[in-house]
Structures are given as C-alpha cells and as structure tokens.
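Student: My questions all concern the structure below.
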Protein chains: 2
Amino acid sequence: MNRGSRSGGANLPALRHHNASLVLDLLRVAGEQGISRLELAGRTGLTPQAVSKITARLRTEGLATEAGRLASTGGKPRTVLRLVPDAGYAVGLHLDRDELTAVLADLAGTTVATRTFPLHLGAPAAEVLATAAHAVRTVRADAPAAAARQVFGVGAALPGPLDHRSGVLHRVTGFPRWDGYPLRDALAEHTGLPVVVDKDTNAAALGLALRERAEADFVYLHLGTGLGAGLVLGGALHRGARTGAGEFGHQTLQLDGPPCDCGGHGCIEALCLTAVARGDIPEAARILGAGAANLVGLLDIDRVVLGGRTVAAHEDAYVNGVRAVIEERARREGVTASVPVTVAGGGDRPVAEGAAQLVLAPLFGRAGEDGGERG
Amino acid sequence: MNRGSRSGGANLPALRHHNASLVLDLLRVAGEQGISRLELAGRTGLTPQAVSKITARLRTEGLATEAGRLASTGGKPRTVLRLVPDAGYAVGLHLDRDELTAVLADLAGTTVATRTFPLHLGAPAAEVLATAAHAVRTVRADAPAAAARQVFGVGAALPGPLDHRSGVLHRVTGFPRWDGYPLRDALAEHTGLPVVVDKDTNAAALGLALRERAEADFVYLHLGTGLGAGLVLGGALHRGARTGAGEFGHQTLQLDGPPCDCGGHGCIEALCLTAVARGDIPEAARILGAGAANLVGLLDIDRVVLGGRTVAAHEDAYVNGVRAVIEERARREGVTASVPVTVAGGGDRPVAEGAAQLVLAPLFGRAGEDGGERG
DNA sequence: ACCACTTAAGCAACGCTGTTGCCAAAGTGC
DNA sequence: GCACTTTGGCAACAGCGTTGCTTAAGTGGT
C-alpha cells in the first residue's frame, strides 16, 4: 500500500484505491496508444476479472475509456483501454528568481497552456502572491471550457529549501525575507484551490519520474544559478525526514578546498560554478561528474538526468563529461552495467511541468512518502 | 502494501498479510512489556475490532500471547499482548576476513547462542562453506530443543559487493576468487535451510533499524579494515537498482587528492585510513564527519550510527569528531534540528545479529525492496 | 459456407477482509 | 450496591478480488 498512509494499516477501501491507482498509472504510461485489460492484469499481478471490474469503475467515473481493439492472435481481439486526459487538470507554477512560469497540465501530463510572467522573488510577499494568483487564473482561462471546472489543484515549485509537509518556506537562497512564510496556505487562500509546494529540483525529478517505469531509481541534477538535486528512489521522490533531501550543491568535494558563500570549503557548487565562470566547461562537467559518481555509487542509481540553464548552454559537454567520470569509476569497480547520462530538454520548462505533477501524481499512486488524497 | 511484491497489485491475502505483519512488528518493538489491543489499533489506524481479529489469528498461530493487564483508567482494564519469542529462530552468520561469527536469534531479536570460529576468507570455497555449515549446526545445537525445529533460515553477511537478489558474490575486496560465486545457493544446499546473503554493512544497518521506529531514515557507517555504509530510508534498507548501494568508502572527498588502492583519487576511505595509520584520530574523525555530513544533507537523514573495530578503539573521538562537522554544517545552513550521532556498541557483533534479521525482518514487513515470504 | 477451435471479457456465486452495531465482561467511584 | 466507563467478543454486513462458467468475436481448416 502507499507506504506512509500515516500509520500503515490497510482496509478494503485502501486496497481498492491502491489497485485503482496502479491501473490508472499504467493507463497513463500507455498514453494514446492504450493498453489491453490482459496486459494490465499481467503487469499488476491481478486477475483479468479484477482488472475488468476496476476498469469498469474507472470508465464509470469518466477516467478511462475503450479505444479500439488490437489485431487478433487467433481469437477474440483485445479491447484497448486508455486514459481520458481531460478528466482532470492541474496548474503547475515555477517561481524562479526572475520569472514565473505557469502551465496547465491534463491527466496525461500534457501541457495544454503555458504562460510566463516577469517576477522578482525579492519583492514583498503580497506582490509575489498576486502575480502567482493572476498566473493561475490566466492559464485556466487559456484552456478549453471543460478544463476550468476540473482543476484539482496548484503545484508550486521554487528554489531554496522548504518544508514540503507544512508548505512553509525556509531561507530561499538569496531572499531571506521568505524564511518561515507559509506559502502553501497563503496561495491556497488566494486561488481557492488546494496547493502543494516543493523544491524546483524535486518537481523536475517527479515530472521525469512519471515518464519512467514505476520502480526507477534516478537522480536529476539541476545546474542553473545554483546546483541542486532531486532524488527518485524506488519510483518515489525521496524527500527525507524533514523533506530537505537533495542538498547537493554544498556537498564537500574538496576537503579544505576554496571557500564557498555558504561558509564551507570545497563545496561542489562553488567548484563547479567557478569553472563555469572561467569558461572551463570540461572542468565544470568533470566536477559535476565526480559528484554524480559519488551519488551513483552510494545509492546504486540507474540513471542520471542533467538540467538547468547552465547545462542547456553546453548540453553535450556536460553529458559527455559527467558520463566519462561515471564510466571510469564503474570500470574501476568492475561494474559492467552502464549508467545512462541524459539531459532533460527544454531548459526550465520541466520544473513547471513537474510542479503540476505534484498535484496529479497522487492519483497514480506516485506520491512521495507522505501520501495525498483524491479529488 | 509491501512495495515491490513483483508487480504491485494487492489482493485480500496480501492485505491480510500486510496488516498481520504490521501488528507483529508493533508487538516485537513493544518487547516484554507488551502492548494493548487499543494501542495497536491507534498505531495502525485499524479499528479495534480488526485488531482483535488479527491478534486472535496470531495467538492461534502461536506467535502472540496475552500477558497480564494494565491498570484501569475507569473501566475494564486493557489486556496486554506480547510476541512469543521462541515461536521462531534464525541463524545469523558474519563471514569476516579472519573469523566467522554465528548467532541464533529468536523472533524478538534476542541472541540465544553465539559462537566464533577462525576463518580465512581466502581459503577454497569448499573449506569456507564447511566452516559455515558447521557453525550453523553448532549454534542450533547450543539452543534449547524447541528452537532447533523452528529455524526459519540463515542470513549471511560478508564484506565486499554482492548481488543480494541472486545471492551471487562479486569481487569480495582482497579475495578475487569469490567473484561470481553463488554463495546463497551453495550455503542453502549445505545447510538445508533458506539462505539470504547481504553486505555486512547492510546487515548491521538492518539490525539497528529494527530497534527504531518503522519510518526511520538513518545511516550506519562501518569503519574497520575498510569503510562502508548501510542506508535505511523510510524504515527499509535501501539496496538500490542492482543491490549495490552503500559504496561509501570510495566516494571522492578530495578532488585530485592522494591516490587510493581502487585506482581513484581522494577517496574518503583512503584519506580516513591514512589518518588512522598516522595515529591522527581527530583528523580521521573529521574526514569521516565530512562524508557523513554530505550524506545527511543529501538524504536528509535523521540519525548517524558509527561502528566497526576502528571506531570501537576510540569511540568518543569519532562520535565527537563526526558530530562536530555535522553540527557546524547544520548551523551554516540554518537547520535547527540536530542529527544525533551515536555508536553501535559491541564491535562487530551487530553484523551477525543483523544477519539473522535478514531472515526475520520480512515477517515484520521490514524486508528491503524485494519482498520475502512467510515460513 | 460451414464448423471446430481459440481468445477475450462479462455474469454469478463465493470466500474472506475489515467494519458496524450490539452486548457481555470487568473494572471505578459515589 | 448501583450507575458509569471502558474493553473486547459476537453476529451481521458491505465490498474486495477469485473462481467457474457462459457469451462474444475472432481465426483457420475442410
């Protein structure tokens, strides 16, 4: 069951919800192509009859529909089922230091509207909130009429550390005035919608995780004005005990190395960005690769995804540089299976799209460690 | 549900097993003191009536029993239930480089017999296997007669990297001849019991995790002849995609630093053990602390436990040194909650005890990511 | 064109789960 | 001794996935 439904005890409604989420997730992953009942049964381990009952309920609720049939394999052809994408929507907000991106995503994860607004994160809270609320209204208005009624909530992603559980910000890097601000509740009041907040790197990682199989272990490394990580372990975002996981930029990579703004020495972010400032991209990639290799070895990650504006400027150099370090270390340790290193296309767009998934993912049983309820 | 029952679909027997495991785990944690039905209901989120039914089944199976009653709070006093420790046993083996420790643990995790044998891990496989099988027979003979019949299996912990899922060893550090050896199946044949193998650090971490609440996130750092880690995330061992997680010793902590036996540079193990060899314990502790702080920040761990012979020789120095680094970094980042640093007492004994838990933990729903079945 | 065979998927009955409503058991306190 | 509180079992129940069977809808040989 969703590990962490506060207490762990599971009853029949919980069982039903769990299996329904599982099936819905497989329908989502199957996309427009759809998936047959029997394949759903095979993938879930449920009996075909159970899948028939579950999909019948989903069809009644309007979440799934029949969509053609496959070629026969000697008998009655399989009926294909697929998700109904416009059965629900979510708004994703990316509050970056200098701009606000808002997207409207449907159940399938497709972005049906995008808007960008200038934003100064250092401005007073009321101003930032007004901009955010305006952005939400605007993307809702952009979308077809049916969408407006079925918006499940707003996911908001922003830099700095914060408490995902309570929705309270900590010291957003560079903007100390946000320390202790209850963004989730404030935004919920301004928009009249449920709100989920999380770090930008977590949002991006979640968005990427939803494109992978449900058990994936991977890490998203975001190199922009800072350096952060989003960890997906066992298919779920790892947020840690105080939802502060992913502090990657201030990992010590060079003991007693050059000082960093944070007060430490030899932080990977400082080393990496210094190299970038010098224009030495291969060295920046090598440093990032050393940090990534540490992570791969420690967690036995099976995929590394790079993103952020700085990476976007020299994608190949970073991918190749990071891959080289990881492969060299794997060779030393006699590991044969290689860990793919890829780049998340679209610069910062994955963050806003992932933010929308903060709201949608719980429907598919893809919440993090702390659950989430149906709409 | 046990995330990772191959496919994720859950049916009624799975539900029943899940809830029974949960209750059994709470009974185990409650220890000799026991726990009332109503508290079980509160902790699990199940209704009192459901708990009554579940505990009635457990009592019928001989796994639980009534044990006195609490003081009344104005009405009928609560009946206390507790685990029946001798309802099942498991053997734990710690195959170290120079000696083999075998323990017999009961369901409550209590060690009821211990034996130590000399062992040379570099000897031919047949010799090592014979010693291991002899050790298993010996600890079984040491225990009361009832125990001999109810041994669920053997858990074996050893250094080097290995594949937990298949039970095949990789290059055990320093003993290349073990590479590719199917230890689990070989030992199962020699003993006639189910066998589970894992890294020594994972076994120790699992043993420690079972003493904590079920949702704990912590890391066990073992400094002996090498340096390794065992990660417990969300209450479960994190083994990673290829069950190779916990490679902590060869994390790069000093970019382009002094060479390490592994072929890399600036590995934390090399730095740390060089300092130990110089007799500079505070420096070794500081280096270990830097690695631990990286880990705490990255994963938002809420506890660090140190162990191993090298640590045991200067417990206070290591605990204080590591704590100092972690606290300094927490202060820099404005985190108030402190991360406790403790030491696992008993030198290497926690490894053998944890090895036994490789077999017992699945009964309590505390398996790692890859399940495990009832006896 | 027909018919035997294969495969998919719904219907009905079933076993078993936790839940609900009720009542007996076993204390406390006036 | 009686009213009250609290625990915990009994019985009936709703709802989950499972099993056995039937119907639907194809293929392929004759």
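Student: A:LEU38 label point, 7 Å along Cα→Cβ, cut-off 18 Å on backbone N: hits in the stretch A:59-83?
Tutor: Correct set: A:67-82.
Student: Compute the relative contact order of chain A as a whole-number percentage, counting only Cα pairs closer than 8 Å that sit 6 or more residues apart in sequence.
Tutor: Result for chain A is 16 percent.
Student: Using a Förster distance of 51 Å, how high is the FRET efficiency between A:PHE117 and B:SER166, based on the Cβ-Cβ distance and rounded to 0.05?
Tutor: Efficiency, from the Cβ-Cβ distance: 0.45.
Student: Reachable aspartates and glutamates from B:LYS76, Cα under 19 Å, same-chain residues fewer than 8 places away excluded?
Tutor: B:GLU39, B:GLU66
Student: Right, here's the next one. Once you charge only the Cβ atoms, +1 for Lys and Arg and -1 for Asp and Glu, what is the size of the charge dipole of chain A about its Cα centre, to the nearest 20 debye?
Tutor: 1480
Student: Then there is this: Check A:LEU81: other-chain or 5+ apart residues with amide H under 5 Å from its amide H, H built from backbone geometry?
Tutor: Distant-sequence amide H within range of A:LEU81: A:ILE35, A:SER36, A:ARG37, A:ALA67.
Student: With contacts defined as alpha carbon pairs under 8 Å and 6 or more residues apart, what's the relative contact order of the stretch B:213-347 in percent?
Tutor: Normalised by residue count, the contact order of the stretch B:213-347 is 23 percent.
Student: In addition: In nanometres, what is the gap between the two model label sites at B:SER338 and B:ASN11, each 7 Å from Cα along Cα-to-Cβ?
Tutor: Taking the simple label geometry, B:SER338 and B:ASN11 are separated by 5.3 nm.
Student: Something else now. List every residue whose amide H lies under 5 Å from the amide H of A:PHE248, counting only residues 5 or more places away in sequence or on a different chain, with H placed 1.01 Å from N in the peptide plane.
Tutor: Amide H neighbours of A:PHE248, under 5 Å, 5+ apart: A:ALA229.
Student: Mind checking the stretch A:43-103 for GluC sites (Glu not before Pro) that DSSP puts in a loop (not H, G, I, E or B) and that have at most 15 other Cβ atoms within 10 Å?
Tutor: Answer in residue order: A:GLU61.
Student: What is the average number of partner chain Cβ atoms found within 10 Å of a Cβ in B:286-294?
Tutor: What the average comes to for B:286-294 is 4.
Student: If a/c stays under 1.5 just call it rounded; otherwise compare a/b with b/c (prolate if a/b is bigger, oblate if not). Do that for the protein assembly as shown, with a ≥ b ≥ c from the square roots of the Cα gyration tensor eigenvalues.
Tutor: It is oblate, given that a/c is not under 1.5 and a/b is not larger than b/c.
Student: Sticking with this structure for a sec: Taking the Cβ-Cβ separation of B:ASP142 and B:GLU189 as r and a Förster radius of 22 Å, what is the calculated FRET efficiency to the nearest 0.05?
Tutor: E(calc), rounded to 0.05, equals 0.45.
Student: What nm distance separates the two modelled labels at A:SER52 and A:ALA324, each placed 7 Å from Cα along Cα→Cβ?
Tutor: Between A:SER52 and A:ALA324, the label points sit 5.9 nm apart.
Student: Taking θ as phi - 60°, what are the ³J(HN,Hα) couplings along the stretch A:300-308 by the Karplus curve (6.51, -1.76, 1.60), each to the nearest whole Hz, with x for Gly and Pro?
Tutor: So the Karplus estimates, Gly and Pro as x, are 6, 5, 10, 6, 10, 10, 9, x, x Hz.
Student: Which distances, in nm and shortest first, link the A:GLY279 label point to the same label point in every other copy, taking 7 Å along Cα→Cβ?
Tutor: Shortest to longest, the spacings are 5.2 nm.
Student: On to the next question. Work out the mean other chain Cβ neighbour count within 10 Å for the residues of A:259-265 and drop it here as an integer.
Tutor: Per-residue shielding by partner chains comes out at 2.
Student: Under a crude label model (7 Å from the Cα following the beta-carbon direction), how far is B:THR79 from A:GLU61 in nanometres?
Tutor: With each label point 7 Å from Cα toward Cβ, the separation is 3.9 nm.
Student: Would you please classify the overall shape of the stretch A:57-152 from the alpha carbon gyration tensor, given that a ≥ b ≥ c denote the square roots of the eigenvalues, rounded means a/c under 1.5, and beyond that prolate means a/b larger than b/c while oblate covers the rest?
Tutor: Judged from the Cα gyration tensor, the stretch A:57-152 comes out prolate (a/c at least 1.5, a/b above b/c).
Student: Count, for each residue of A:235-241, the Cβ atoms from other chains sitting within 10 Å of its Cβ, then give me the mean as a whole number.
Tutor: Average per residue, whole number: 6.
Student: Size of the dipole of the stretch B:213-347 about the Cα centre, Lys and Arg at +1 and Asp and Glu at -1 on the beta carbon, nothing else charged, in debye to 20?
Tutor: Value, rounded to 20: 160 debye.
Student: For helix B:349-360, report the angle its Cα long axis makes with the longest principal axis of the Cα atoms of chain B; keep it between 0 and 90° and round to the nearest 10°.
Tutor: It is inclined by approximately 50 degrees.
Student: Calculated from DSSP H runs of 4 or more alone, at -39500 (n - 2.57) each and per residue, what is the 222 nm mean residue ellipticity of the protein assembly as shown, nearest 500?
Tutor: -12000 deg cm²/dmol
Student: Using a/c under 1.5 as the rounded threshold, could you call chain B rounded, prolate or oblate? The axes a ≥ b ≥ c are square roots of the C-alpha gyration tensor eigenvalues, and prolate needs a/b larger than b/c, oblate otherwise.
Tutor: The shape class here is oblate.
Throughout, read-outs are computed from the coordinates displayed, never taken from laboratory work. None of these values were measured; they are calculated from a predicted model. Positions of Cβ are generated from backbone atoms using ideal geometry, with glycine treated the same way; all protein chains shown enter the neighbour counts.
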